[in-house]
Amino acid sequence: MWDDLLAGEELAYLTTEPPRASRSVPLPAELHPAVRAALARQGIDDLYAHQAEAWAASRAGGHVIVTTGTASGKTLAFNLPVLDALATEPKSRAIYLYPTKALAQDQARSLAALAVPKVKAAIYDGDTPREQRWQVRKWANLVLTNPDMLHVGVLPRHDLWADVLHNLRYVVVDEAHVYRGVFGSHVGNVLRRLRRMARVYGAEPQFVLASATIANPGELARRLLGLEVTVVADDAAPRAERTIALWNPELLDPELGLRASPLGEASRLAAALVQRGLRTICFAKSRKAAELVHRMTVDRVDPETAARLAPYRAGYTPQQRREIERRLVEGDLLGVAATDALELGIDIGLLDCAISVGFPGTVASLRQQWGRAGRRGHGLAVLVASEDALDQYFMREPETLLGRRVEAAMLDHANPRVLDGHVAAAAFEGPLDDDDRDTLGDSALERAPHVPDLRKTPRGWVYAGTDYPAGRTPLRSASADAFSVVDASTGTVLGIVEHERAYSTVHEGAVYLHLGEQWLVQALDVPARQALVEPFGGDWYTQVKKETSTDVEEPLRAERRLGLELTFGRVSVTEQVVAYQRKGIRDQATISTVQLDLPATTFDTEAVWYVPTDSQLEGLEQMPTLLSSLHAAEHAMIAILPLWAMCDRWDIGGLSTNYHDDTGAATVFVYDGHSGGVGIAERGFDQFEGWVADTVRLLDGCPCEHGCPSCVQSPKCGNLNEYLDKEGALTLLRRMSISA
């Protein structure tokens, strides 16, 4: 039904994934009759083989992570042992953790529909009325909440939750791949604190995690929990035949890398598909983009079809979202333009086509989006490329996208910048002693003497402060000394920015992006740690000019790799923002340059760095060729690193220099952009050969001659993309690859 649409110069690649039959087994004989009857009412009389595997591992008393594809029944895999336990012993308790309130609400509806006797599920989050909270604690035996509420609302008041903790049998962590980077590092500590308090009250709960397909599910679970887990990864669910198309908008200016609007291309495809009666979802990266795709699609179709289209984004009220979800499930809606609020596992029924506007940042996310297509039969999945380096790389190298193992989710719960707040919070919850090493980890006890307000007593380390330590430890920042970003008109806190990033992202006059939306910074109040912003609809963006230096503090690993000395270790990074430029979104032209007078910031982090040999630099030794080649190589490697570690290029920093005092030679550094590091640089060290090979393919395939936003130019370059030699970088990286 779409073959005639998938034609023309824009079609970069077309393939078909064959269908896959399911592998099913009977429901386990030992399953509680009430649960069996509830499943029968839903028409479920057998399990996929991976669901049965998860059941067996849970029944054996182990911890489990289920990592299978979209729509593979992961929810039933973790519900089954929990519902069986609660039906058998209603006094048992279970806690379900979700990264978003919408997902918890979706699961609550699903549990209500199952209607297993004696299972009493309730949501406990920031929206739960205070007068209902004691009721949830008292009567619910399945509590749905989120890590933030567990962190500040449950664990510090564990005395109110004594009955829940004493009887805690299961903890379910859904969408576990979301818990990576700084957020994941914090959640890893929250889960360890939960294990500790459950043990205090006499319980040893089992953990069941569910994740999208990632490269390191066992490692992720171990880092989150501090426990060994069984990995269930052999997906036995059926999969319909699926056509996959990579769509590259027309190239308008090869040297600048400018292409036709991906939003316009996506709306054109969506309009053609819905007019053929095909249920279509289009994923965009921001609310504004989703609204634009929706409006452009409406303009392209007849009024009757237009009435069956809707945008879906996180900014709607719960009632609005529920109404859109209901219309989707019932088939009343034909087309939806959505942000990634619908990327996670919310049940939205049977769809035919999924269009992703721009690579969503990870292969795992893209596969989740594409997994929405083909729920009724043969499906269509499309990636419409933006001008970004990774998008254009995939258009030229489709097999590196379609044949690639998905990325690894990285986190580091022992990063002191993350850990210290949780050590204080744990001491507030109860004195810390050596017995807590088994739950909190050795690093927590080693940090205790260095955490302010902790005092050593005969009972252990106790919290001697007067405040509430969990309340000043935000889960999405590696720094307690963070800046709040505040909507000046309403006083609403939009988000937080780590201190070391604030001067480069929320300086006065900056265009700040929050959840894909643009805001203009009116003022930066440094003493108050606050940036006041207003909505912004202009057609320009800002880019800072900053001076950066790195000092090697401690090399941790050094190896001879690709013919050169490669090192991973601890560094300190000093940055000073000195100016910013306003630049046009479409033509990248500089509109104005504004000088800034801001203090320097220094933070400790982890880095990988390499020192090219004389033979690898032959012909590139003269300035400015040397610096320009190293600089371009640094940019391209940062652009491609998210393929190996689940991160964004904004999570990574870099420095290239023709001479560095600590190495005595020309050196390229790539470092974690978060204080203390979260494992991204170490992942680059471990995968260095593949990382360099991917970077060579990125540069070699880009059609520009001197470098463009699709290869060596970076939207966050502190030197404003000056001194970049694409050809020199390619020469260097090719020579490194040949040395393998």
Quick one: how many residues across the range 113-139 are closer than 23 Å to His158 by Cα and touching a Pro at 6+ places or on another chain (Cβ under 6 Å)? 0
For the range 610-625, how many residues are touching a strand residue (DSSP E or B) at 6+ places or on another chain (Cβ under 8 Å), part of a loop (DSSP other than H, G, I, E, B), open to solvent by less than 40 Å² (accessible area, probe 1.4 Å) and not β-branched (Val, Ile, Thr)? 3
Scanning the range 371-410 for residues that are modelled with pLDDT of 85 or more and within 12 Å of Ala240 (Cβ to Cβ), which turns out surrounded by the fewest Cβ atoms within 10 Å (Cβ to Cβ)? His378
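Which of the residues that make up the range 704-722 are hydroxyl-bearing (Ser, Thr, Tyr) and within 17 Å of Gly653 (Cβ to Cβ)?
Ser714
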I'd like to know if the range 52-65 contains one or more residues that are in contact with a strand residue (DSSP E or B) (Cβ under 6 Å, 6 or more places away or on another chain) and open to solvent by 50 Å² or more (accessible area, probe 1.4 Å). yes
Does the range 131-144 contain any residue that is within 27 Å of Ser365 (Cβ to Cβ) and buried (at least 23 other Cβ atoms within 10 Å of the Cβ)? yes
With (1) in contact (Cβ under 8 Å) with a residue 24 or more places away in the chain; (2) not in a helix (DSSP H, G or I) as the list, and Tyr659 as the residue in question, which single condition is left unmet? (1)
Let me spell it out: the conditions are (1) under 21 Å from Arg287 (Cβ atoms); (2) open to solvent by 20 Å² or more (accessible area, probe 1.4 Å), and Val486 meets all of them except one. Which number is the exception? (2)
Going through the range 20-38 in order, the residues found to be outside any strand (DSSP E or B), under 33 Å from the mean Cα position of the chain (by Cα) and surrounded by 14 or more Cβ atoms within 10 Å (Cβ to Cβ) are Ser22, Arg23
Would the range 449-467 turn up any residue that is surrounded by 18 or more Cβ atoms within 10 Å (Cβ to Cβ) and in a helix (DSSP H, G or I)? no
Matching entry among Ala607, Ala665 (being surrounded by fewer than 19 Cβ atoms within 10 Å (Cβ to Cβ) and either on the phi < 0 side of the Ramachandran plot or in contact (Cβ under 8 Å) with a residue 24 or more places away in the chain (or both)): Ala665
Given the conditions (1) within 25 Å of Gly677 (Cβ to Cβ); (2) surrounded by fewer than 17 Cβ atoms within 10 Å (Cβ to Cβ), and given that Asp435 satisfies all but one, which numbered condition is not satisfied? (1)
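Residues are listed down the side, and each one gets a yes or a no for (1) at positive phi; (2) among the charged types (D, E, K, R); (3) touching a Lys or Arg at 6+ places or on another chain (Cβ under 7 Å); (4) open to solvent by 20 Å² or more (accessible area, probe 1.4 Å):
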site: Leu532; (1), (2), (3), (4): no, no, no, yes
site: Gly537; (1), (2), (3), (4): no, no, no, yes
site: Glu559; (1), (2), (3), (4): no, yes, no, yes
site: Ser592; (1), (2), (3), (4): no, no, yes, yes
Residues being assigned to a loop (DSSP other than H, G, I, E, B), of a type in the set (D, E, K, R) and under 23 Å from Thr67 (Cα atoms) - total across the range 221-271: 4
Residues satisfying the stated conditions in the range 555-580, i.e. of a type in the set (Gly, Ala, Ser) and in contact (Cβ under 8 Å) with a residue 60 or more places away in the chain: Gly563
Mind telling me which of the residues Val573, Val544, Val526 ends up being touching a Gly at 6+ places or on another chain (Cβ under 8 Å), among the hydrophobic types (A, V, I, L, M, F, W, C) and open to solvent by 10 Å² or more (accessible area, probe 1.4 Å)? Val544
Residue under question is Arg109, and the condition is that it be surrounded by fewer than 17 Cβ atoms within 10 Å (Cβ to Cβ), in contact with a Gly (Cβ under 9 Å, 6 or more places away or on another chain) and either assigned to a helix (DSSP H, G or I) or of a type in the set (Ser, Thr, Tyr) (or both); does it hold? no
Does Ser710 meet the test of being farther than 24 Å from Ser549 by Cβ, of a type in the set (S, T, N, Q) and part of a loop (DSSP other than H, G, I, E, B)? yes
Considering the range 115-129 alone, what residues qualify as being of a type outside the set (Val, Ile, Thr) and open to solvent by less than 20 Å² (accessible area, probe 1.4 Å)? Ala122, Tyr124, Asp125
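Taking into account only those residues within the range 675-693 that are in contact with a Ser or Thr (Cβ under 7 Å, 6 or more places away or on another chain) and either in a helix (DSSP H, G or I) or at negative phi (or both), which is most open to solvent (accessible area, probe 1.4 Å)?
Ala693
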Just give me the residues in the range 195-211 being without any contact (Cβ under 8 Å) to a residue 60 or more places away in the chain and either part of a helix (DSSP H, G or I) or among the acidic types (Asp, Glu) (or both), in sequence order. Ala198, Glu204
Starting from the range 459-479, keep only residues that are over 25 Å from Gly184 (Cβ atoms), then list their pairs with residues that are part of a strand (DSSP E or B) and modelled with pLDDT of 90 or more whose Cβ atoms are within a distance under 6 Å, requiring at least 6 positions of separation or different chains. Gly460/Leu432; Trp461/Leu432; Trp461/Leu454; Val462/Arg455; Ala464/Arg455
With criteria (1) surrounded by fewer than 23 Cβ atoms within 10 Å (Cβ to Cβ); (2) under 20 Å from His660 (Cα atoms), Leu598 comes up short on (2)
Among the residues of the range 305-322, which ones are at pLDDT 80 or above, surrounded by fewer than 19 Cβ atoms within 10 Å (Cβ to Cβ) and of a type outside the set (A, V, I, L, M)? Thr305, Arg308
Residues of the range 269-304 satisfying the condition of being of a type in the set (D, E, K, R), surrounded by fewer than 19 Cβ atoms within 10 Å (Cβ to Cβ) and under 18 Å from Cys353 (Cβ atoms): Arg276, Arg300
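Check Arg199, Arg242, Arg157, Arg169 and return the single one that is open to solvent by 20 Å² or more (accessible area, probe 1.4 Å) and touching an Asp or Glu at 6+ places or on another chain (Cβ under 6 Å).
Arg242
The values are calculated or read from the model by the stated rules, or taken from the named source; none is laboratory data. Since this is a predicted model, take the numbers as computed values, not measurements. Backbone-built Cβ (ideal geometry, glycine too); neighbour counts: all protein chains shown. When the accessible area is computed, the model is the full protein with side chains, heavy atoms only, and any ligands, DNA or RNA have been set aside. Shrake-Rupley method; radii C 1.70, N 1.55, O 1.52, S 1.80 Å.
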